[in-house]
Every structure is written in structure tokens, then in C-alpha cells.
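Trainee: Here it is: the structure, laid out below.
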Amino acid sequence: MTDTTPQATFADLGLIPTLIERLEELEYRQPTPVQSHVIPHILDGRDIVGGANTGSGKTAAFALPILQKILSQGASHPRGGNFVSHLILVPTRELASQVANSVKSYSYHLRDKVKTIAVFGGVSVNPQMLALRGGCDIVVATPGRLLDLVSSNAIKLEQVQTLVLDEADRMLSLGFTEELHKILALLPQKKQTLLFSATFPEKVTSLAQNLLHDALDIQLQSAEDSTVVQRVFSVNKGQKTAVLAHLIKQHQWRQTLIFVNAKNACNHLAQKLTKRGITAQVFHGDQGQGARTRVLEEFKSGEIHVLIATDIAARGLDIEKLPVVINFDLPRSPADYMHRIGRSGRAGEVGLGLSLIDCDDYHHFNVIEKKNKFKLEREQVEGFEVDDAQSEACVVPVKPRAKPAGTGKKKKKRKQGDL
Ligand code: AMP
């Protein structure tokens, strides 16, 4: 039987020497737990639901067996006629580019044998159309652009052998339902389906069952294995910016990624930090793709020290040795909390996930803790201690007093996923 313990080597998992040699060049000395657990089963053709902590090597876990499948088919694998053989769907443009680059890196010495293309919106469609001519082995795509390319016959999905949903819970969430259904309707019935994410909320797991055939559910998320240290600071209302600036100056982190909940809040906070002597760049969905790509590249290379982003940066992005993520605003979804802090502490590095909460956030942070099954001590920042009045309101859960009928305030409707 194949050894699937975390101590297994890549060879034990059934990977061929050509791929292993490349992994040695990349200094992947040993498979990560998710790679050990899923690679043999993917090679056996099983459908998989794979859950593992952020930054734990999920990309290689699905990419390596796909590459092996392509190589084992030799020249017989379907190409031509704009067909694609293996389709990886991701939620953001940047992730499409990153995942495609990882696949290209794993198949670097097989460039003439494996054709991998990233397709995503916000950039000209023509180069993508040209690249897809004659078919393609692996396409990494965001759903909207993929459907555009399908409708102009630049890509055909009828011969897809493997479907991967990376950040699967996000791909199965409301924002992508319509596009995903259209794509699924174009795929053949018989295919291998692989779902990966660090979070699988219950309602998503049941949705996923419709996509899968006799799937193995391998969930390896563990708080003990997480290398992200989490801390939460209670602050006075109206003092978050001052506390944030203080923390950045005090700790002199090499780089800081700050999350807010709205595009305009990125610019607003950047201006406020500038006034306090901190230069920050922004990353959000209202920027042109050119600016988005440039900012992310500069952040990844360390040129940008402080980046303020919406949740388009929350999923999957691999920023090497990012020391700290700060939730200036709490994310609406508890799953997104895990993804945000998971930009730090990747590939076994120690990371830090900080959250600033004022009274308005207190209840929501409790929900985030409960859903993600952890509990943190509320800390205070020296010099910015919470006023007694606010502290009381925060610490003592106030029972809402019964109001006479008709006098209650209408609950404010939250804006849906505006990144
Ligand atoms: P991922 O979760 O796929 O984004 O991977 C997170 C980081 O871990 C990336 O920088 C990968 O290059 C790196 N990585 C993935 N697998 C391994 C491995 N077996 N050994 C060392 N680094 C790895």
C-alpha cells in the first residue's frame, strides 16, 4: 500500500522522477501533509474534497498529479480544436495568474509537452484567444472570462478530464453560482473533480456533493499546525487609525497587509496613514488590471511596505514571508477571516494575524471565533487603552431591552460582496 503519512517522500506518493527532479530544484524536500494525503488518490482517479490550512501546498497537491496524467498520456492526450483537458477555476485574476505560474514552474522542463494558460478578465482577450489556438492541456481561469472565450469558440470544454475548484467554497458561493452552473453544463459527465480550500462551511459541503462522484473527503485543517499567531486588540471607537499607525511604527514590520471592507475605504485609510507619516498603497477591484498587477508584484517583491486591500487579496495569494496581516475591518464571513490571516505564515513560516476591534465589532468577532473554533484573549495597546465606558459595553454583553412594537430600528441591509 502506498505510504500516505506526512513523512512519505514524493516518490512514495507515486510521482514520476521527471516531476520529482523539478521539485528538488525548487527545494521541496518533502511533501506537505495535504500533498501526502491527496496525491496518491488523485493519481488513482478519485474525486477529492481537500481541506488544509492556508499556505500548506494545495496547489502542488492538485497540479502534480494532473501533470503526471498528461505525461502518462503522451502524445495521445487530446489537443487541437481549441479543446482543454484540465480546467482549474479560481475566484480572482491574480490567483489565476499565480496558479498558472506555479503549474508552469512544476512543468518547467516539460514546456514542449505541457501547455498551460491563464485566462482572466480585465486584460485584452486577444492574446488569450491566440494562446488557446490548437488546444491546451491546462487552463487556469476565472469563470467570467472563461465563458466569454467559450461563447467566441476560442475554447471548448467538452473534453475536460479534470475539473479543479481552487478556493472551492468561494467558487460555490452565491457570487459565482450562475457562471459556475453554465460552465458545469458544458463539461462532460465523466471527469475527475477536485475541490480544495482551507475552509468548507457546511452549506457549501452539501452543495459540493452534487458535483462529486464517490469522493474522498480529506480535511486536514488544524489549529495546532497553523503557523499564524493570532491576536486581537480592543480599541476605542474612532481610534483604529491611530492604533494602526502606532503598531506599524512600533513594530517596524518589513511588510504589512491591511484588510478593509470597501474599495473606497482603501483610499481613505491610505490618506489617513499618509498624514501620520506612513506611505501605503491600495489594492482593490476599482483599479485597472495594470495597476492591480503592478501593485501586487511590487508588494510580492517587497518594494511596497504597507498595502491596504479588500477581500480580492484574501484568497490564495502567496506572498513570501509576509510577517503580518491586520484586520482593520473585520471580514463579514468567518471563512474569509481564516483566508485573510492565511496570507501570512505560509510554507511553514511563522506569521501574525492581528484584528482591531471596537465595540461595534465585538459581537461579530465572537461569531468569527465560534465558527472557526478558537478563542483569543482581548488585548489592549499601551497608550490607547479602552475607555471605561466603552470597555464595559464591550465586555458585558448588553441584553437588548424589549421595545414596544413598531419602535425597533430596521436592520441595515449589508452590501453583498462588493470588493
Ligand atoms: P500553496 O498553499 O499551494 O499556495 O503553497 C504555499 C507555499 O508553499 C508556496 O510558496 C509553495 O511554493 C510552497 N510549497 C508547496 N509545497 C511545498 C513543499 N512540499 N515543500 C516546500 N514548499 C512547498
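A short reminder: the numbers here are calculations on the coordinates, not readings from a lab. Fair warning: this is a prediction, and the values are worked out from it, not measured in the lab. Cβ placement follows ideal geometry from the backbone for every residue including glycine, while neighbour counts extend to all protein chains displayed.
Trainee: Give the value in nm², to one decimal: projected area of the alpha carbon convex hull of the stretch 161-225, averaged over all directions.
Mentor: Directional mean of the projected Cα hull area for the stretch 161-225 stands at 4.8 nm².
Trainee: Mind running the shape call on the stretch 44-162? Use the C-alpha gyration tensor, a ≥ b ≥ c as the square roots of the eigenvalues: rounded below 1.5 for a/c, prolate if a/b tops b/c, oblate otherwise.
Mentor: Taking the square roots of the gyration eigenvalues as a ≥ b ≥ c, the stretch 44-162 is oblate.
Trainee: Next question, about the same structure. Going by amide H atoms built from the backbone, whose H comes under 5 Å of the H on Ile308, apart from near neighbours?
Mentor: Those qualifying (amide H under 5 Å, at least 5 residues apart or on another chain) are Ile258, Gln281, Val282, Phe283.
Trainee: So what J values fall out for the stretch 311-318 if you push phi through Karplus, 6.51 cos²θ - 1.76 cosθ + 1.60 with θ = phi - 60°, rounded to Hz, Gly and Pro as x?
Mentor: In residue order, the calculated couplings are 5, 5, 9, 6, 9, x, 5, 9 Hz.
Trainee: Follow-up. Shape of the stretch 226-383 from its Cα gyration tensor (a ≥ b ≥ c, root eigenvalues): rounded if a/c is under 1.5, otherwise prolate when a/b > b/c, or oblate?
Mentor: Verdict is rounded for the stretch 226-383.
Trainee: Work out the P(r) tail for the stretch 230-316: percent of alpha carbon pairs separated by more than 19 Å, whole number.
Mentor: 38 percent
Trainee: Right, next: Please list, in chain and number order, the residues 5+ apart from Ala118 or on another chain whose amide H is under 5 Å from its amide H, with Hs placed from the backbone.
Mentor: Close amide H contacts, sequence-distant or interchain: Val140.
Trainee: Could you list which residues have their amide H under 5 Å from that of Val229, counting only those 5 or more apart in sequence or on another chain, with H placed in the peptide plane?
Mentor: Hits under the 5 Å cutoff: Gly351, Leu352, Gly353.
Trainee: Here's a follow-up. Between the stretch 1-70 and the stretch 124-172, how far is it from one alpha carbon centroid to the other, in angstrom?
Mentor: After rounding, the separation between the Cα centres reads 24 Å.
Trainee: Moving to a separate point now. Which trypsin sites (Lys or Arg not before Pro) in the stretch 158-225 sit in a loop by DSSP (not H, G, I, E or B) and have at most 14 other Cβ atoms within 10 Å of their own Cβ?
Mentor: Passing sites in the stretch 158-225 are Lys190.
Trainee: How much length would be gained if the chain were fully extended between His364 and Glu297, taking 0.36 nm per residue of separation minus their Cα-Cα distance, in nm to one decimal?
Mentor: 20.8 nm
Trainee: How are the alpha carbon pair distances in the stretch 88-156 distributed across 10 Å bins from zero to the largest one, expressed in percent?
Mentor: 22, 56, 22, 1
Trainee: In whole Å, largest first, what are the principal axis extents of the Cα atoms in the stretch 11-223?
Mentor: In descending order, the Cα extents are 43, 41, 30 Å.
Trainee: Rounded to the nearest 500 deg cm²/dmol, what is the calculated helix-only ellipticity per residue at 222 nm for the chain, with -39500 (n - 2.57) per DSSP H run of length n ≥ 4?
Mentor: Dividing the helical sum by the residues of the chain leaves -11000 deg cm²/dmol.
Trainee: Related question: Which one, Asn267, Asn53, Asn210, has the greatest fluctuation when you compute a Gaussian network model over the chain with C-alpha springs under 10 angstrom?
Mentor: Maximum among the listed residues: Asn210.
Trainee: Another question about this same structure. Binning every alpha carbon pair distance of the chain at 20 Å from zero, what are the percents per bin?
Mentor: Bins of 20 Å from zero give 25, 54, 19, 1 percent of pairs.
Trainee: Local charge sum around Glu379 (other residues, Cβ-Cβ under 15 Å, Lys/Arg +1, Asp/Glu -1)?
Mentor: Once positives and negatives cancel, what remains is -2.
Trainee: Compare Thr241, Thr142, Thr32 in a GNM of the chain, Cα atoms joined below 10 Å, and give the one with the largest fluctuation.
Mentor: Fluctuation is largest for Thr241.
Trainee: Which of the aspartates and glutamates could a cross-linker span from Lys371 if the Cα-Cα distance has to be under 17 Å and same-chain partners fewer than 8 positions apart are dropped?
Mentor: Within the straight-line limit of under 17 Å, Lys371 reaches these aspartates and glutamates: Asp169, Glu202, Glu224, Asp336, Asp361.
Trainee: Let me ask you something else. Most fluctuating residue of Ala265, Ala11, Ala100 in a GNM of the chain with Cα springs under 10 Å: which is it?
Mentor: Among Ala265, Ala11, Ala100, the largest mean-square fluctuation in the Gaussian network model of the chain belongs to Ala11.
Trainee: Less than 10 Å Cβ to Cβ from Glu167, Lys/Arg counted +1 and Asp/Glu -1: what total charge do the surrounding residues give?
Mentor: Surrounding charge for Glu167 is +1.
Trainee: Quick check on my link table: of Lys69/Lys115; Lys104/Lys263; Lys240/Lys373; Lys240/Lys263; Lys58/Lys370, which ones sit more than 21 Å apart, alpha carbon to alpha carbon?
Mentor: Going by Cα-Cα distance, Lys104/Lys263; Lys240/Lys373; Lys58/Lys370 fall outside the 21 Å limit.
Trainee: OK, next. For the pair Ala242/Lys373, report the inter-label distance in nm, with labels modelled 7 Å from Cα in the Cβ direction.
Mentor: About 4.0 nm, to one decimal.
Trainee: For every other residue with a beta carbon closer than 15 angstrom to the beta carbon of Lys190, add +1 if it is Lys or Arg and -1 if Asp or Glu, then tell me the sum.
Mentor: 0
Trainee: Rounded, prolate or oblate: which fits the stretch 1-66 when a ≥ b ≥ c are the square roots of the eigenvalues of the alpha-carbon gyration tensor, with rounded for a/c under 1.5 and prolate only if a/b beats b/c?
Mentor: Rounded, because the longest to shortest axis ratio a/c is under 1.5.
Trainee: For the stretch 234-253 and the stretch 313-361, compute the distance between their C-alpha centroids and round to whole Å.
Mentor: So the two Cα centres are separated by 16 Å.
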